[in-house]
Amino acid sequence: MVEPRKSAHPPSDSPPQNLGKERDELLKSLSGGQRLTDEVVREYQRLQHRLMELETENAGLRAKVETDVAVRALLEKIENLEAEKSDLLSRFQEAEAGRFEFGAQAREVETEFANLANLFVASTQIHSSLSPRGVTRRIKEVLAQLVGAESYCMFLANAEETELVPVASEGVPSGALRPISVDEGRIGQVFRTRSATVNEESDACEGSLDEPAAVIPLTVDDKIVGVIAIFSTLSQKKRFSTIDFELFKLLGQHAAAALVSASLFVQAERRLPGLEAFMDLSV
Amino acid sequence: MAEYSCLIVEDSPMMRQLLVFALARVKNLRVTEADDGVDGLRKLAAARFDIIVTDINMPIMDGLKLVKRVRTDPVHKDTPIIVITTEGSQEDRQRALQLGANAYITKPIQAPQVIATVKELLKIE
């Protein structure tokens with residue numbers, strides 16, 4: 001700062017002495033204000049910088065908190081989904097077990113239906129002919145097609161019930177069959193005891209004339225009239241099944257009756273009985 | 001729902017009845033019966049069938065001859081054929097399949113097996 005030049009004689013228009021002092025003081029105070037302003041500006045800049053730092057820090061913290069919340073929400077969601085998955089799996093397993101059970105039941109019903117169909121067909125076929133030859137052919141068909149018999153013979157007892165005479169056979173060499181005494185072997189035994197026998201010691205397809213795979217008694221109105229001997233079955237049929245035993249029962253009760261009815265019908269010269277034959281039935 | 005037609009060629013009335021009973025379990029399947037191979041061909045000439053079930057051992061014309069004839073028929077050359085026979089040997093099975101049969105069932109027949117085979121060949125659920 002330039003000092004005002006001093007003269008020996010102050011001019012007439014020069015300011016008074018104390019005015020210069022005031023000016024100096026004013027200048028000094030202005031200089032102090034300048035410093036203060038500078039300091040305020042610096043402080044302001046510092047605070048602004050700090051504010052920015054804090055805002056950045058705040059944003060970071062906020063983001064972190066938000067991330068934590070999102071992670072927590074995701075974890076919760078995963079937990080819920082896990083529970084839901086476990087519940088669905090358990091329900092699926094239950095449904096699968098139910099489906100399996102239903103499938104097994106359906107297969108059982110189908111098998112039962114097939115068995116009943118076999119029995120129905122066998123029964124209707126046996127009774128669908130009124131000629132002894134026709135009935136015999138159908139009995140043979142039931143044995144071959146439904147039971148799977150390869151060699152078999154139907155024996156009927158003579159009037160004295162001492163011998164069983166072969167009347168129809170299949171798969172047995174001619175001359176191999178002869179009348180059998182009711183006291184002889186398994187065939188005679190079945191006639192005497194009236195109960196069917198099945199050879200369970202060997203495969204049904206490996207039976208023989210001496211060791212038939214199965215022997216079934218033939219009855220008419222509870223009276224035994226003969227037997228059916230199944231000597232062997234087809235090679236693919238190793239064992240008799242439940243339906244075979246049902247067919248044996250059916251044949252035992254129906255085959256001879258159908259045969260006797262057909263024979264009587266032929267004896268009556270194929271004439272149907274008149275109405276008078278049915279008048280005394282006490283219906 | 002589509003309706004299918006099946007031709008059963010079988011000389012035994014009992015087997016026919018049994019097959020009809022079994023196939024009645026297949027929904028929308030109409031069954032026609034033929035007594036032997038010749039009757040079968042006659043019915044094939046009169047109508048179109050989606051599947052044929054035939055016995056092998058039949059009088060007049062056996063099942064193998066029928067298969068051979070069907071495979072030369074322009075209408076039914078691609079029709080699935082199931083052959084039923086008493087013979088369980090591999091040789092007979094091969095013979096039937098070589099002639100063009102699609103499946104083979106051995107007697108004594110089991111209804112569930114017949115149903116399953118027919119459904120499989122007709123692609124029915």
> Are any residues in the stretch A:96-145 more than 13 Å from chain B (Cβ to nearest Cβ) and in contact with a helix residue (DSSP H, G or I) (Cβ under 6 Å, 6 or more places away or on another chain), and if so, which ones?
Replying inline: A:LEU130, A:SER131, A:PRO132
> Just to be sure, is A:GLY148 away from every other protein chain (no Cβ under 13 Å), surrounded by 15 or more Cβ atoms within 10 Å (Cβ to Cβ) and either within 27 Å of A:SER123 (Cα to Cα) or in contact with a Phe, Trp or Tyr (Cβ under 7 Å, 6 or more places away or on another chain) (or both)?
Replying inline: no
>> With surrounded by fewer than 20 Cβ atoms within 10 Å (Cβ to Cβ), more than 20 Å from B:ALA116 (Cβ to Cβ), among the charged types (D, E, K, R) and free of Cβ contacts under 8 Å to residues at least 40 places away in the same chain as the only criterion, which of B:ASP92, B:ASP11 stands out?
In response: B:ASP92
> Could you count how many residues in the stretch B:114-125 are outside any loop (DSSP other than H, G, I, E, B) and within 14 Å of chain A (Cβ to nearest Cβ)?
Replying inline: 6
> Within the stretch A:95-117, is there a residue that is at pLDDT below 90, assigned to a helix (DSSP H, G or I), surrounded by 10 or more Cβ atoms within 10 Å (Cβ to Cβ) and in contact with a Lys or Arg (Cβ under 8 Å, 6 or more places away or on another chain)?
Replying inline: yes
> Of all the strands (runs of 3 or more DSSP E) wholly in the stretch A:136-225, which have at least 1 residues that are under 22 Å from A:LEU119 (Cα atoms) and in contact with a Lys or Arg (Cβ under 7 Å, 6 or more places away or on another chain)?
Replying inline: A:163-170, A:214-220
> In this structure, does B:ILE52 turn out to be buried (at least 16 other Cβ atoms within 10 Å of the Cβ), within 14 Å of another protein chain (Cβ to nearest Cβ), in contact with a Ser or Thr (Cβ under 8 Å, 6 or more places away or on another chain) and closer than 30 Å to A:LEU119 by Cβ?
Replying inline: no
>> Looking for something surrounded by 23 or more Cβ atoms within 10 Å (Cβ to Cβ) and under 12 Å from the mean Cα position of the chain (by Cα) - is there at least one such residue anywhere in the stretch B:20-29?
In response: no
>> So for the stretch A:250-270 (the condition being small (Gly, Ala, Ser) and loosely packed, with under 13 Cβ neighbours inside 10 Å), does at least one residue qualify?
In response: yes
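Within the stretch A:110-165, restricting attention to residues that are touching a Gly at 6+ places or on another chain (Cβ under 6 Å) and of a type in the set (A, V, I, L, M), which residue is nearest to A:ARG239 (Cα to Cα)?
Checked the stretch A:110-165; the qualifying residue nearest to A:ARG239 (Cα to Cα) is A:LEU156.
The values are calculated or read from the model by the stated rules, or taken from the named source; none is laboratory data. No experiment lies behind these values; they were computed from the predicted model shown. Every residue, glycine as well, gets a Cβ built from its backbone with ideal geometry; the counts of neighbours run over all protein chains shown.
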